[in-house]
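What follows is a single structure, written as structure tokens, with notes after it.
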Amino acid sequence: MKLRISEIFGPTIQGEGALIGKPTVFVRAGGCDYRCAWCDSMHAVDSAFRHDWAEMSAEDIMAEVRRLSSGRPLTVSISGGNPAIQDFGLLIELGKQEGYDFACETQGSVAQPWFAELETLVLSPKPPSSGEETDWRKFDRCLENAKGCNLVVMKIVIFDETDYAWAKAAEERYPNLPLYLQPGNPEVDPDQPVDLQAAIDRLLWLIEKVTGDGWFAPHVLPQLHMLVWGNKRGV
Ligand SMILES: C[S@@+](CC[C@H](N)C(=O)[O-])C[C@H]1O[C@@H](n2cnc3c(N)ncnc32)[C@H](O)[C@@H]1O
Ligand SMILES: Nc1nc2[nH]cc(C(=O)O)c2c(=O)[nH]1
Ligand code: SF4
Ligand SMILES: [Mg+2]
């Protein structure tokens, strides 16, 4: 069985959320059931890019992960697109036999049995600015399938006040899920430099919102890879 893969890259550092800073190889799946207005990975979403996606078996993917990591086990993060529209079970099984561990980034719209085999599941439901709507029953099914994971977290992108209020409501709904907030990046063109001061200003806005509100539940983090490499792909 083949998987649609947009890119495999690393080792780099995980730039977002609970595993920030951890050396990671990324496996980016092609295809997504969402079309977020501000998606920074449209090359893995829009079928206009499908000719750049490779059809790979789990063995092919593991060979590339092994090559990139010189055979030294590390965390493999399966992202996309939405990786949960494909079956990554065999990849995870093969990688774990060699000592690799697996994280997955998904919006929580599709639940997969292989979530149970992950070390870390990052569920990133989409706030109103994305233009997408969260089906919380499907999100709950993802949580049920993730019972075997070591760590399950929620990561929400914040562009504005409406997103912020939405994230607060999400935290009330799931008070026991560790919550990570990151400012939305409106500049996603890989060929344009990012305005670092503007990125810091957005982070500062979010920090001041959270601390000013006395909302002490979330972790507030930047996209570290964006600060270091801008919107460059493959990092
Ligand atoms: C590209 S998505 C792929 C995985 C999955 N489809 C999802 O959205 O969770 C990986 C992460 O990047 C975040 N993201 C996408 N575009 C972003 C942007 N413009 N600014 C900040 N975070 C963004 C998503 O919310 C998600 O947490
Ligand atoms: N360094 C780095 N960290 C990331 N965290 C989440 C990413 C993603 O696009 O899923 C990502 C990415 O593309 N690069
Ligand atoms: S769900 Fe993720 S990959 Fe899909 S469009 Fe939204 S941010 Fe992009
Ligand atoms: Mg990204």
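The values are calculated or read from the model by the stated rules, or taken from the named source; none is laboratory data. No experiment lies behind these values; they were computed from the predicted model shown. All Cβ positions, glycine included, derive from the backbone under ideal geometry; neighbour counts span all protein chains shown. What goes into the accessible areas is simple: the full protein's heavy atoms, side chains included, and nothing from ligands, DNA or RNA. Shrake-Rupley method; radii C 1.70, N 1.55, O 1.52, S 1.80 Å.
Where a Cα-Cα gap under 18 Å defines reach, which aspartates and glutamates qualify for LYS209, not counting those fewer than 8 residues away within the same chain?
ASP160, GLU161, ASP163, GLU171, GLU172, ASP201
How much of the accessible area of segment 140-235, probe 1.4 Å, is carbon plus sulfur, in whole percent?
Whole-percent figure for carbon plus sulfur exposure: 53.
Identify all aspartates and glutamates with a Cα-Cα distance to LYS22 below 16 Å; exclude those on the same chain that are fewer than 8 residues away in sequence.
ASP101, GLU105, GLU119
Ignoring ligands, DNA and RNA, what accessible area per residue does the chain give at 1.4 Å, in Å²?
The answer is 46 Å² per residue.
In a GNM of the chain with a 10 Å cut-off on Cα contacts, which of PHE49, PHE139, PHE216 has the highest mean-square fluctuation?
Sorting by GNM fluctuation, first place goes to PHE216.
Using a 1.4 Å probe over the heavy atoms of the protein chains, calculate the carbon and sulfur portion of the accessible area of segment 1-76 as a whole percent.
51 percent
Tell me whether segment 2-83 comes out rounded, prolate or oblate; compute the Cα gyration tensor, take square roots of the eigenvalues as a ≥ b ≥ c, and use a/c under 1.5 as the rounded threshold.
oblate
Modelling each spin label as a point 7 Å along the Cα-to-Cβ direction, I'd like the LEU151/LYS232 distance in nm, to one decimal.
If labels sit at LEU151 and LYS232, their model points lie 2.5 nm apart.
What order do you get for 217-229, 8-20 when each peptide is scored by the mean count of other beta carbon atoms within 10 Å, highest first?
Result, highest mean first: 8-20, 217-229.
Pick out which of GLN192, GLN182, GLN112 has the largest mean-square fluctuation in a Gaussian network model of the chain, springs linking Cα atoms closer than 10 Å.
Largest GNM mean-square fluctuation: GLN192.
What residue among THR24, VAL157, GLN223 has its Cα farthest toward the positive end of the dipole of the chain, where the charges are +1 on Lys, Arg and -1 on Asp, Glu, each on the Cβ?
In the chain, that residue is THR24.
Sorted from largest down, what three extents in whole angstroms do the Cα atoms of the chain have along their principal axes?
Its Cα atoms span 49, 40, 33 Å along the three principal axes.
Could you state how much accessible area SER69 has, in square angstrom rounded to the nearest 10, with a 1.4 Å probe and all protein chains kept in place?
10 Å²
For a label point 7 angstrom out from the Cα of ALA217 toward its Cβ, which stretches of segment 143-166 have the backbone nitrogen within less than 17 Å?
Flagged as within label range: 143, 152-158, 162-166.
Percent antiparallel among DSSP beta bridges with both residues in segment 1-139, to the nearest 5?
Antiparallel bridges make up about 40 percent of those DSSP assigns within segment 1-139.
Using the Cβ atoms and a cut-off under 10 Å, what net charge is assigned to the surroundings of MET226, where Lys and Arg are +1 and Asp and Glu are -1?
After counting each charged neighbour, the total is -2.
Helix 161-173: angle to the longest alpha-carbon principal axis of the chain, degrees 0 to 90, nearest 10?
Roughly 70 degrees between the two axes.
Could you work out the equivalent-ellipsoid semi-axes for segment 183-222, taking the square root of 5 times each eigenvalue of the Cα gyration tensor, largest first, in whole Å?
Taking √(5λ) for each Cα gyration eigenvalue gives 25, 9, 6 Å.
If one takes the longest principal axis of the Cα atoms in the chain, at what angle in degrees, from 0 to 90 and to the nearest 10, does the Cα axis of helix 196-212 lie?
60 degrees
When the helices in the chain are scored as -39500 (n - 2.57) per DSSP H run of 4 or longer and the sum is shared across all residues, what 222 nm value do you end up with, to the nearest 500 deg cm²/dmol?
Rounded to the nearest 500, it is -8500 deg cm²/dmol.
How big is the antiparallel share of DSSP beta bridges in the chain, given as a percent to the nearest 5?
Of all bridge pairs located within the chain, approximately 25 percent are antiparallel.
Label segment 52-138 by shape, choosing from rounded, prolate and oblate, from the square roots a ≥ b ≥ c of the eigenvalues of the Cα gyration tensor; if a/c is under 1.5 it is rounded, and otherwise prolate applies when a/b is larger than b/c, oblate when it is not.
prolate
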